[in-house]
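The values are calculated or read from the model by the stated rules, or taken from the named source; none is laboratory data. None of these values were measured; they are calculated from a predicted model. Note: ideal-geometry Cβ built from the backbone for every residue, glycine included; neighbour counts use all protein chains shown.
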């Protein structure tokens, strides 16, 4: 089979049958486009002509181009899954990548804000005069920190997502999986104030989107990132802060205050607890820094 046609079939499969998120499907598409481009450069356009040496050449080229170990792992996982699909569909008779070992990932601990820094960010909307934007931005920051939502989950929240009388939100996460996450009093109060006086002032036409832009449209991930950066520019927070930093901070602060790892996993929507365990490493690093700072024999 033509290699490009096989890739198209695979993308349709992971999007429609496996139900992977748009971002994940897009990532697979980009990785496989680079893979097929490399193969075409070697004169390989048919799936039957791909060899182990050709795949090794592709991965070696990634390393030689300076990609990190984690990026090379991502490409290798993509290629492996693609070949497994072709074997299962009968496109290939043998797997040229079964002998490959995954390179070791670089362990990069996520950036986390301390509680004082989070507090200053949550209160930063009070610095602006536009009341409707003040209420909206305050509600968005409070909800994100209270729930640990991904930014894509935050901006796609609808009015039906809210169950404020009992104190939780319904979230549709990766792969369309729904989960329920508790919401604290501070976030509930911020959302109630936004719904009373902020959202009605922003509303331009009928929509069930919870958070609206100045034009009355639902927020995008890029729009929220731009909004966050505008506030960070006014604050003295010497860390590389992104929308995901609030999610990392949510999980880390819960564990620091005694939450169990399994509960944090459920709230974050991680399918595998090993993904959540990264936050235990953050706690270990913090403990070590505290020990080095205060112990007389450190």
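Just checking, does the stretch 4-21 include any residue being outside the structural domain of residue 178 (by TED's automatic domain parsing), in a helix (DSSP H, G or I) and farther than 19 Å from residue 91 by Cβ? Looking for residues that are outside the structural domain of residue 178 (by TED's automatic domain parsing), in a helix (DSSP H, G or I) and farther than 19 Å from residue 91 by Cβ, one finds none in the stretch 4-21, hence no.
Assess whether residue 258 counts as being more than 27 Å from residue 21 (Cβ to Cβ) and not in a helix (DSSP H, G or I). Here the answer is yes, as residue 258 does meet what is asked. If I filter the stretch 30-48 down to residues being free of Cβ contacts under 8 Å to residues at least 24 places away in the same chain and surrounded by 13 or more Cβ atoms within 10 Å (Cβ to Cβ), which single residue comes out as nearest to residue 5 (Cα to Cα)? Among residues in the stretch 30-48 that are free of Cβ contacts under 8 Å to residues at least 24 places away in the same chain and surrounded by 13 or more Cβ atoms within 10 Å (Cβ to Cβ), the one nearest to residue 5 (Cα to Cα) is 38. Scanning the stretch 148-161 for residues that are outside any loop (DSSP other than H, G, I, E, B) and touching a helix residue (DSSP H, G or I) at 6+ places or on another chain (Cβ under 7 Å) yields a count of 4.
Residue check: residue 139 meets all listed conditions (1) under 21 Å from residue 266 (Cα atoms); (2) in contact with a helix residue (DSSP H, G or I) (Cβ under 6 Å, 6 or more places away or on another chain) but one, namely (1).
Residue count for the stretch 15-29, restricted to those that are free of Cβ contacts under 8 Å to residues at least 40 places away in the same chain and surrounded by 12 or more Cβ atoms within 10 Å (Cβ to Cβ): 4. Checking each residue in the stretch 152-169 for being in contact (Cβ under 8 Å) with a residue 60 or more places away in the chain and surrounded by fewer than 17 Cβ atoms within 10 Å (Cβ to Cβ) picks out no residue at all. Checking every residue in the stretch 233-244 against the condition of being more than 29 Å from residue 116 (Cα to Cα), touching a helix residue (DSSP H, G or I) at 6+ places or on another chain (Cβ under 9 Å) and either in the same structural domain as residue 121 (by TED's automatic domain parsing) or surrounded by 12 or more Cβ atoms within 10 Å (Cβ to Cβ) (or both) gives zero matches. On inspection, residue 43 passes the criterion of being part of a loop (DSSP other than H, G, I, E, B) and at pLDDT 85 or above.
For the stretch 110-117, the criterion of being under 17 Å from residue 225 (Cβ atoms), modelled with pLDDT of 95 or more and surrounded by 20 or more Cβ atoms within 10 Å (Cβ to Cβ) is met by none of the residues. Highlighted here are the helices (runs of 4 or more DSSP H) found entirely within the stretch 173-245 that include at least 1 residues which are within 13 Å of residue 135 (Cα to Cα): 185-193, 199-202.
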